Every structure is written in C-alpha cells, then in structure tokens.
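The values are calculated or read from the model by the stated rules, or taken from the named source; none is laboratory data. Source: prediction; values computed, not measured. Here the Cβ positions follow ideal geometry from the backbone for every residue, glycine too, while neighbour counts run over all protein chains shown. In case anyone asks, the SASA skips ligands and DNA or RNA and just uses the protein heavy atoms, side chains included. Shrake-Rupley method; radii C 1.70, N 1.55, O 1.52, S 1.80 Å.
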Amino acid sequence: MVRMEDLSEPEVIGLNNFPLLSFEGSPWAEGPPLSQRRAAIVSTAGLQRLGDETFTRESGDYRVIPKELAASDFYMSHLSTNFDRTGFQQDVNVVFPIDRVKELAEEGVIGSVADFHYSFMGAMPPGQMESSARRMAGLLKDDGVDAVILCPV
C-alpha cells in the first residue's frame, strides 16, 4: 500500500479532495439470522475472468465471478500502477475471500454462498458505479442474496 508521504503533491491534493457522495435512505435492513443468509462477495479489485472484456478507466461497470470458478481462471486487472498485487498473487482470498465464505457456509455460520459474485474496478468516483451497482443489486436479489461482503481494494 502506498503511503501519502510517498505520493506527489498533486496526487495528495487529488485524494484529499476526492468527492464523496451521500445517498438517501437507510443502509440497514432487517432479515433472517446470519445462519440463514445467502452471502455474496462484491470487490473493487478489478477482478475478471479470462476472456472478459478488460475494464476501462472510469467505466463504472462490474464483472461476474461464478462461485465455482478456479482462482487460475480469473485475474486482477486493477488499473492503478500504485496497487501492490503481491497479496492477490499469493492468495486470492486477500481481495476475494471466496474460500473463507465457503468455509463459513460449511460451518453453518452463514446459510449459503451465492452462485455469483461481482468485482468492480476501484479508484473511480462512486457516482460512476451507481447505475451498474443498481443493476448488480437486481442480480443479487434474483440469486436470493441477503448478505453482501464488501471488499474494497
């Protein structure tokens, strides 16, 4: 991870002035106990399957990662040159904890694992992801997901 003191002055100014959005409504929702919930992962690591269209700067879209996809069949295409991919290369669970989520389901901590998970390209204004996030929310609902593990990278 890059430290602020290692960045150029324009980069520090840009990060300190990055616009943060405020969304209407309450993020909290009632539902069943965790042991009955169906969980999905949403990451901003820029993960994609081999053969997927490459992420582009500020596109705001996502890629679908099926539950049973082998770690060797997807890769990280995060655009930031400042991003250290070493952890991901050693263990995909650093940015996409699919093995841990499957273990939680096997142990009965959560009810089940969603069939599909999602990855956005981080390092972009959240407003540019809103329409894609709304489409993804519909897909999560169709998959019966009622718990999401957010993995900001």
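Rounded to the nearest 10 Å², what accessible area does Ser72 have for a 1.4 Å probe in the complete protein model?
90 Å²
So how strong a dipole does region 106-153 carry about its Cα centre when Lys and Arg Cβ are +1 and Asp and Glu Cβ are -1, to the nearest 20 debye?
Numbers: 3 positive and 7 negative charges, 67 e Å.
The calculated dipole for region 106-153 is roughly 320 debye.
Which one of Phe74, Val145, Gly122 is farthest out on the positive end of the charge dipole of the chain, using unit charges on Cβ (Lys, Arg +1; Asp, Glu -1) and the Cα centre as origin?
Val145
Taking the Cα centre of the chain as the origin, how large is its charge dipole in debye, to the nearest 20, when only Lys and Arg (+1) and Asp and Glu (-1) carry charge on their Cβ atoms?
On the way: 13 positive and 23 negative charges, 44 e Å.
I would put it at about 220 debye.
In region 28-71, if every C-alpha pair distance is counted and binned at 10 Å from zero, what percent goes to each bin?
Pairs per bin, as whole percents: 19, 41, 26, 14.
Can you work out the accessible area per residue across the chain, with the rest of the protein chains kept in place, probe 1.4 Å, in square angstrom? Kindly include the intermediate steps, with their values, before the conclusion.
On the way: 9550 Å² over 153 residues.
Value returned for the chain: 62 Å² of accessible area per residue.
With a 1.4 Å probe and all protein chains left in place, how much of the accessible area of the chain comes from carbon and sulfur atoms, in whole percent? Write out the running numbers ahead of the final one.
Values: 5120 of 9550 Å².
The nonpolar share, carbon plus sulfur, comes to 54 percent.
Heavy atoms only, probe 1.4 angstrom, no DNA, RNA or ligands counted: give me Met4, Met124, Met129 ranked by accessible area, highest first. List each step's numbers first, then the result.
Details: Met4 80, Met124 15, Met129 35 Å².
My answer, sorted largest first, is Met4, Met129, Met124.
Among DSSP beta bridges lying fully in the chain, give the percent that are antiparallel, nearest 5. If you can, show how the numbers build up before the last one.
On the way: 9 of 18 bridges.
Among the beta bridges of the chain, antiparallel pairing accounts for roughly 50 percent.
Could you tell me the extents of the chain's C-alpha atoms along the three principal axes, largest first, rounded to whole Å?
Largest to smallest, the principal-axis extents are 49, 39, 29 Å.
Per residue of the chain, what 222 nm ellipticity follows from adding -39500 (n - 2.57) for every DSSP H run with n ≥ 4, rounded to the nearest 500? The partial results should precede the final answer.
Numbers: 4 runs with 35 residues, N = 153.
Theoretical 222 nm ellipticity from helices: -6500 deg cm²/dmol.
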